[in-house]
Each structure stands twice: as C-alpha cells, then as structure tokens.
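Below you will find the structure I want to go over with you.
The values are calculated or read from the model by the stated rules, or taken from the named source; none is laboratory data. In this text the structure is predicted, and so the values were computed from the model without any measurement. Because the Cβ atoms are built from the backbone with ideal geometry, glycine has one as well, and the counts that use them run over all protein chains shown. These accessible areas exclude ligands, DNA and RNA; they are computed on the full protein's heavy atoms, side chains included. Shrake-Rupley method; radii C 1.70, N 1.55, O 1.52, S 1.80 Å.
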Amino acid sequence: MHFLSYELAQGIVERTMKILKKNINVMNEEGVIIGTGEKERINQVHDGALLVLKKGESVEIDERSAAELKGAKPGINLPIRFHNQIIGVVGITGEPEQIRNFAELVKMAAELVLEQSFLLERVQWKQRLQSEIVNLLISEEPLNEAWLEERAGFLGYDLKIPRTVIVLKLHEDLGTMNQKLINDIHFELGKQDLTGVTFNNEIVILKAGEPTEQIAALKRIAGLSKRKAAVAIGNTSENISGLKSSYRHAQQLTVLGPKIHRDADYYSYETYWLDIKLSMLAQKEEHTFSFYDRLLAQDKKGELAHTLDVFIKEGGDLGKIADHLFIHRNTLRYRLDKITELTGKDPRNVKMLFELYVAKLVNDLN
C-alpha cells in the first residue's frame, strides 16, 4: 500500500523547509524522490535512500561518499516509519556535522504529518460511509436491512435502537460553511447518532436517545445554524423502516415551518403534525380554494391576509389581535367582516376558521 503520495511528500517538504531553511527530500519505498525543494530532482532515484531502506536505519552522507552515490548530496537520510513499517525516507541536505541536531526533528515532523493525514482520511472515509448509510435509510427505495445493519455495525452503530430524524435545510449553497457546520454539529452528537448530506443540500441527523435529549440537542444544533438553515425534527421511529417517514415529515417541516412561523428557531413534528397532515391531504385531493383566492385578489395591501394570520396565531382573542396589529377593535371587526364578505367564511366561526386555515396553508406551500 502506498502511504506517501507526491502531494503529501511535497507538503512535508514545504512545511519543514519554512522552519529549517534547508533543502528537504522525501523518497518513497522504492527510493525515488517524490518531494523536494529542488524540483528538478523529482522522480530521480536516491542511492542514499536505498541504503536507508536496505539497512532500516539512518545514513549520513558526506562530500566524499556523495560523489560515489547516484542522486545523492551531502546530508542525513532517515527512515519514515508508520505503524512500525518503513514506508519511505526523509533527507535533509547539508554537511552532517552541521545538521545532525535537526535530523531527528525532520523525521518526527514527517511522521507527524503522515499520521495526521492518515487520521484525516480515516475520518473523511467514516463520514462518507455514514452519509451513504443515512441516505439509504431515508430513501424511498426498498431497504436491505441485514446489509445496512452489518455496515453500520462495522462503524459501531446499532440500527435497532429508536431514532428521530433531524433535517437542516440550508437556505443557500454555503460551500465551505456547509462543512464547518457539519463539523460543529458533530460535537453536539452522541455515539449512536448518524449524520449525512443529501443531494438536496440537506444535513440529516439520525438522533438516538430519549425525547428530552433529542430536543436539547435540537436546540443546540439550531443555535449552531444561526438561521442559515431551517431546522426540523420528525417523529420518533422505533425501527429502521420508520426512518424514511420521520425524514419525510422533518423535510416537509423545513418547507412548511418557515411559512407558518418564520422566526422560529426550529420546527418539531409533535407541534406541527396537524399542519403537515392537512397540507398533504389538501395537495393529494388537488382541491382549489376559490374563496381564499377571492380574498387575495381584493386584498391589495395584504392587510386582510395578515389580519387572518394574526387571528389564527392569537387563537381568536380580539384584544391580543388588536394590540398585535396596533389597531382599534372596531377596525379589527371591520376587517373580519370584510374577510367574511369576500370569502363567505367567518373567522369567528370555528368550522369556517378551520377552512380558512387549510386554504391559507395550501396557498403558502404553493
């Protein structure tokens, strides 16, 4: 397996040379130079590196011995070890007497960079596999549950425990901010929580734990998003097969929630389940609400629609509604009478208010 790439080797060289101001060479397991401050030496075989690989220990090269070796200059060459295996050689150019104190530091720096790169790649691989599992679990396609449980188990996740889906719908393509948000969210998650990113620019979290823990995490995650995303949580699923329903509800809420309550930090299925059911039913029936269309057509300034919205939110309390709108009660009554005249539905009647609400809900979604 090739642990050292040209890009990684050159990264080691550049980072080390900034500190030491000496030329650094990095050779692969075949003794070929793949990183150096002297670009013309790239892909040359370094005999000093071959000696290191053969002996398994450091090799010092002075002026005299350099003349006898191919591709070598005076300096010190040391083995790069990774997981107790020599996977390459790092060399520092100069007279051995002058650079001996730096040699071990160069070797240590190279091994640290290699370890860091390996850990980063492992984390990214785990994130990719996690995301793949999440996308399969929320997909409408049939599930191969045994295969998914095996894959998740390899990462240490038990798919048989209850989970709830949290969706963050980004308002725009945030680019690097997207990845930063994902990284920040990881610090708020438990050991059994899975995360993934969908093709719709959504961050999806399969949150394990008790309802109180889930809501607490939801609030923290909503705080991290800083209103750059609509945040919603679906219903709890006791098994794998129910996660797609939980996802669908949370996804619908990221669209519906901001239209019902624009300034909310997050939206939960428990609070808005009726709104989801009503909107789904109305859209499925493809029902048209001509009475609400008449209201919108005549309401040029939007005062009546806004009054109806506040009427619904304040539960029909005329005093609170008038205060909210900064209008006299007589003005409020006039507006309610006007809504009744245009729609044939009186908001003060519970059944008619319900019809107006459904019509408004469908209109907002469309």
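Among the residues that make up the stretch 221-232, is at least one of them among the hydroxyl-bearing types (Ser, Thr, Tyr), open to solvent by 10 Å² or more (accessible area, probe 1.4 Å) and out of contact with any His (no Cβ under 7 Å at 6 or more places or on another chain)?
no
While we're here: Report yes if some residue within the stretch 196-207 is among the small types (Gly, Ala, Ser), touching a Phe, Trp or Tyr at 6+ places or on another chain (Cβ under 6 Å) and under 27 Å from residue 151 (Cβ atoms); otherwise report no. If you could, list the steps in order and put the result at the bottom.
First, the residues of the stretch 196-207 that are among the small types (Gly, Ala, Ser): 196.
Pick out the ones that are also touching a Phe, Trp or Tyr at 6+ places or on another chain (Cβ under 6 Å) and you get none.
Scanning the stretch 196-207, I find no residue that is among the small types (Gly, Ala, Ser), touching a Phe, Trp or Tyr at 6+ places or on another chain (Cβ under 6 Å) and under 27 Å from residue 151 (Cβ atoms), so the answer is no.
Among the candidates 215, 133, which residue alone is more than 12 Å from the chain's Cα centre (by Cα) and open to solvent by less than 20 Å² (accessible area, probe 1.4 Å)?
Values: 215 fails: open to solvent by less than 20 Å² (accessible area, probe 1.4 Å).
Going through 215, 133 in turn, the sole match is 133.
Just one of 51, 69 is in contact with an Asp or Glu (Cβ under 6 Å, 6 or more places away or on another chain), more than 22 Å from residue 19 (Cα to Cα), hydrophobic (A, V, I, L, M, F, W, C) and open to solvent by 30 Å² or more (accessible area, probe 1.4 Å); which is it?
Values: 51 fails: in contact with an Asp or Glu (Cβ under 6 Å, 6 or more places away or on another chain).
Answer to the selection: 69.
For the condition closer than 21 Å to residue 111 by Cα, open to solvent by 20 Å² or more (accessible area, probe 1.4 Å) and of a type in the set (Val, Ile, Thr), what is the one hit in 32, 59? Show your work before the answer.
Values: 59 fails: open to solvent by 20 Å² or more (accessible area, probe 1.4 Å).
From the options 32, 59, the qualifying one is 32.
Of the numbered conditions (1) of a type outside the set (Ser, Thr, Tyr); (2) open to solvent by less than 90 Å² (accessible area, probe 1.4 Å); (3) part of a strand (DSSP E or B), residue 81 satisfies every one except a single condition; which is it?
(2)
Find the helices (runs of 4 or more DSSP H) located wholly in the stretch 303-366 whose residues include 1 or more that are basic (Lys, Arg), touching an Asp or Glu at 6+ places or on another chain (Cβ under 9 Å) and closer than 18 Å to residue 256 by Cα, and list them. It would help to see each step written out before you state the result.
On the way: elements: 303-313, 318-325, 329-343, 350-365.
Of the helices (runs of 4 or more DSSP H) lying wholly inside the stretch 303-366, those with at least 1 residues that are basic (Lys, Arg), touching an Asp or Glu at 6+ places or on another chain (Cβ under 9 Å) and closer than 18 Å to residue 256 by Cα span 350-365.
Only one of 195, 236, 254 is open to solvent by less than 50 Å² (accessible area, probe 1.4 Å) and either closer than 19 Å to residue 272 by Cβ or of a type in the set (Lys, Arg) (or both). Can you tell me which?
Just a single option satisfies the conditions, and that option is 254.
Continuing with this model, one more query. Within the bounds of the stretch 113-122, is there any residue that is more than 40 Å from the chain's Cα centre (by Cα) and among the aromatic types (Phe, Trp, Tyr)?
Quick first cut of the stretch 113-122, residues more than 40 Å from the chain's Cα centre (by Cα) only: none.
No, because not a single residue in the stretch 113-122 is more than 40 Å from the chain's Cα centre (by Cα) and among the aromatic types (Phe, Trp, Tyr).
So which residues in the stretch 1-41 are assigned to a loop (DSSP other than H, G, I, E, B) and not aliphatic (A, V, I, L, M), if there are any at all?
Filtering the stretch 1-41 down to residues assigned to a loop (DSSP other than H, G, I, E, B) leaves 1-5, 21-23, 28-31, 37-38.
Within the stretch 1-41, 2, 3, 5, 21, 22, 23, 28, 29, 30, 31, 37, 38 meet the criteria.
From the list 198, 212, pick out the single residue that is farther than 23 Å from residue 270 by Cα, modelled with pLDDT of 80 or more and of a type in the set (Ser, Thr, Tyr).
Details: 212 fails: farther than 23 Å from residue 270 by Cα.
Matching residue, one of 198, 212: 198.
List the number of the failed condition for residue 353; all other conditions in (1) of a type outside the set (Asp, Glu); (2) at positive phi; (3) open to solvent by less than 60 Å² (accessible area, probe 1.4 Å); (4) within 43 Å of the chain's Cα centre (by Cα) hold.
Tallying (1) of a type outside the set (Asp, Glu); (2) at positive phi; (3) open to solvent by less than 60 Å² (accessible area, probe 1.4 Å); (4) within 43 Å of the chain's Cα centre (by Cα), residue 353 fails exactly one: (2).
Residues being surrounded by fewer than 21 Cβ atoms within 10 Å (Cβ to Cβ) and under 18 Å from residue 365 (Cα atoms): count how many of those fall in the stretch 240-250. Lay out the reasoning, then the answer.
If we filter the stretch 240-250 for residues that are surrounded by fewer than 21 Cβ atoms within 10 Å (Cβ to Cβ), which is where we start, we get 240-242, 244-245, 248.
Keeping just the survivors that are under 18 Å from residue 365 (Cα atoms) gives 248.
Qualifying residue count, the stretch 240-250: 1.
Right, something else. From the list 159, 181, exactly one residue is crowded, with 17+ Cβ neighbours inside 10 Å, more than 27 Å from residue 83 (Cβ to Cβ) and modelled with pLDDT under 85. Which is it? Steps first, answer last, please.
Values: 159 fails: modelled with pLDDT under 85.
It is 181.
Separate question: Please list, ordered by first then second residue, the pairs with beta carbon atoms under 6 Å, 6 or more apart or interchain, first in the stretch 298-326 and touching a residue at least 12 places away in the same chain (Cβ under 8 Å), second among the aromatic types (Phe, Trp, Tyr) and assigned to a helix (DSSP H, G or I).
Pairs found: 312/357; 321/311.
Only one of these is out of contact with any helix residue (DSSP H, G or I) (no Cβ under 7 Å at 6 or more places or on another chain) and part of a helix (DSSP H, G or I): 87, 99, 133. Name it.
On the way: 87 fails: part of a helix (DSSP H, G or I); 133 fails: out of contact with any helix residue (DSSP H, G or I) (no Cβ under 7 Å at 6 or more places or on another chain).
Exactly one residue qualifies, and that residue is 99.
Tell me the residue from 340, 307, 331 that is open to solvent by less than 30 Å² (accessible area, probe 1.4 Å) and among the polar types (S, T, N, Q), please. Before the answer, list the steps.
On the way: 340 fails: open to solvent by less than 30 Å² (accessible area, probe 1.4 Å); 331 fails: open to solvent by less than 30 Å² (accessible area, probe 1.4 Å).
Exactly one of 340, 307, 331 is open to solvent by less than 30 Å² (accessible area, probe 1.4 Å) and among the polar types (S, T, N, Q), namely 307.
Return yes when residue 110 is open to solvent by less than 20 Å² (accessible area, probe 1.4 Å) and assigned to a helix (DSSP H, G or I) and no when it is not. Steps first, answer last, please.
On the way: open to solvent by less than 20 Å² (accessible area, probe 1.4 Å): yes; assigned to a helix (DSSP H, G or I): yes.
So residue 110 passes the test.
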